[in-house]
Every structure is written in structure tokens, then in C-alpha cells.
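Peer 1: Can you read through this structure? Questions will come right after.
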């Protein structure tokens, strides 16, 4: 019965969803197969073992179909044995071809999101009526390739590596700046090529804006009592929606949040992190975009 209890714990879908990052790794499948082997060595009947493992096998099917993750050959064999024993499973879509468990990735991919803001934290500044946050989500393994391609692109236009692209420089002439030697049509071509390069490497874009005039005075006061301002409040909701909506699709994989190296926001990041701690956002790590990036929280 010890083995069956383990099956029951592992096959609780809500527990698995609460610890999402184990679902996309082969560890859970390997543990299941190991338990089956142990159970078969005991006096439990084959039908009892397969019935106990069925809920977890159903969860694997759900993940495999929803995330296009192939099941292991060993898991597919166990599924066929369960079906032969009269156990049915809900299978909606065709799955990717299976592979041996030893050929599965050792862990889920990790992601980074690079975030920049436009606007200010003040509600009283008329020229800045909107505060906007935009984050580009990328797989960590794709970052080196993107950096190499970016360096080659900048060299093509006669610009130094690590050159930072800022919108105003594309529209006006800025003396003593590298971009000043490019004509307007060349600047447009560079911007187009750089955007194409970025979109080819990005997994997704997360965006959140606050139209300050729409925020009622009572809600502004509530934010102040919580120790938040327009910027920190927006970042908190940006991260919560990112974690609950965008990255939930990736089943809880850890991700790094890079924010611009604006000294004015260093203290605010601490407030944001403490607020998010109350929501047990275990996947989040904060980095400051410096050279090299500085890890602030984990």
C-alpha cells in the first residue's frame, strides 16, 4: 500500500499544477515507472497497479498534448498496458513521436524577460499621462545567438558592438553619436533589421499600461498606504499577470526579470519583491541590467 499511496500523491493534478516545473521534465515520468517496477515486485495485482497509475498517466497525456512534449517510449508502453487492461484515457490531439526516457531533456527551459518602462511614477506630471511597461520574453539558450547576430548587424552598419538603440536618435541628428553618420533611410533599415532579428528570437511580448487619469483618487490613496506608486504598482501587476498567464503556459519554469539600470528604481524593486513574496512567486528572480547584470533577489 505504500506504493499506492505514492501513486495517489503523485497523481493529484492540483498538487502537480502547484509545483508546475516538475511536469515538463522526465523526472516525474521516471519516478512513475520506478514505482510501477516496485509495485510489480510486490503482491499487488497488475490491474490494481495500472488503476492506481492511471490518473498520473492522464496528467502526462494532458501535458504532452498541451505543450507538444513527447512522452517517453516507456510511458507509451505503460499506457498501452493500461488500455489493454480496460482503462480508458481522454486523448484529444495526436502527440509528438515518443522517445526513450534517457533522451528526454534534463529539465525545462528557462526564460528571461527584458523589461523597460516609458513614463514616470508620478500622478501629477501632465506631460507623462501614461505609464507603460513592455517585456520581451526569450529562452535563455537563444540569448547567445541573438547577441552574436546583433553584433554582426551593428558591424554591417559600421556601428560598435553593444551600441544601444534609442528612438530619439533615429529621428534627429545627435552630434558625436555613432548613429549620426547614418542617413535617415539607413537608420530605418537598421531599425527594421533589428526588429526582425528580435522577433525571430522572442517567445512572446508582455505589455501593461496605466492611463493615470483613469485611476480614481481613492485608489491612488490605497496605493500610497501600501507603499506603492504608479510605477511599482504597475510592475507588481505586470509580474503577477506574467506569472499567472504568460508563463503559466510554460508550466511554472523559472524566469529572470531584467529591468533597466535606472538608479531611481533600485529601492522600488525591493518593495515590489516583498509584495510579490506574499504571492509565493517562486519562479521569479530579479536582475538589474548592468554590465554584467547584477542579481538582486532570488
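Peer 1: Looking at the stretch 157-183 only, could you name the residues that are assigned to a helix (DSSP H, G or I), without any contact (Cβ under 8 Å) to a residue 12 or more places away in the chain and more than 20 Å from residue 116 (Cβ to Cβ)?
Peer 2: Of everything in the stretch 157-183, just one residue is assigned to a helix (DSSP H, G or I), without any contact (Cβ under 8 Å) to a residue 12 or more places away in the chain and more than 20 Å from residue 116 (Cβ to Cβ), namely 180.
Peer 1: Right, next: Would you confirm whether or not the stretch 77-85 contains a residue that is part of a loop (DSSP other than H, G, I, E, B), in contact with a helix residue (DSSP H, G or I) (Cβ under 8 Å, 6 or more places away or on another chain) and modelled with pLDDT under 85?
Peer 2: Taking the stretch 77-85 as the starting set, the residues that turn out to be part of a loop (DSSP other than H, G, I, E, B) are 85.
Next, from what is left, pick out any that are in contact with a helix residue (DSSP H, G or I) (Cβ under 8 Å, 6 or more places away or on another chain): 85.
Narrowing the set further to residues that are modelled with pLDDT under 85 leaves none.
The answer is no, given that none of the residues of the stretch 77-85 is part of a loop (DSSP other than H, G, I, E, B), in contact with a helix residue (DSSP H, G or I) (Cβ under 8 Å, 6 or more places away or on another chain) and modelled with pLDDT under 85.
Peer 1: Starting from residues that are crowded, with 16+ Cβ neighbours inside 10 Å and at pLDDT 85 or above, keep the ones in the stretch 105-116 and report whichever is farthest from residue 188 (Cα to Cα). Lay out the reasoning, then the answer.
Peer 2: Applying the first criterion (crowded, with 16+ Cβ neighbours inside 10 Å) to the stretch 105-116 yields 108, 110-115.
Then drop every residue that is not at pLDDT 85 or above, which leaves 112-115.
On the way: 112: 28, 113: 26, 114: 23, 115: 23 Å.
Per the stated criteria, the residue is 112.
The values are calculated or read from the model by the stated rules, or taken from the named source; none is laboratory data. Not measured: the values here are computed from a predicted model. Glycine gets a Cβ as well: all are built from the backbone with ideal geometry, and neighbour counts include every protein chain shown.
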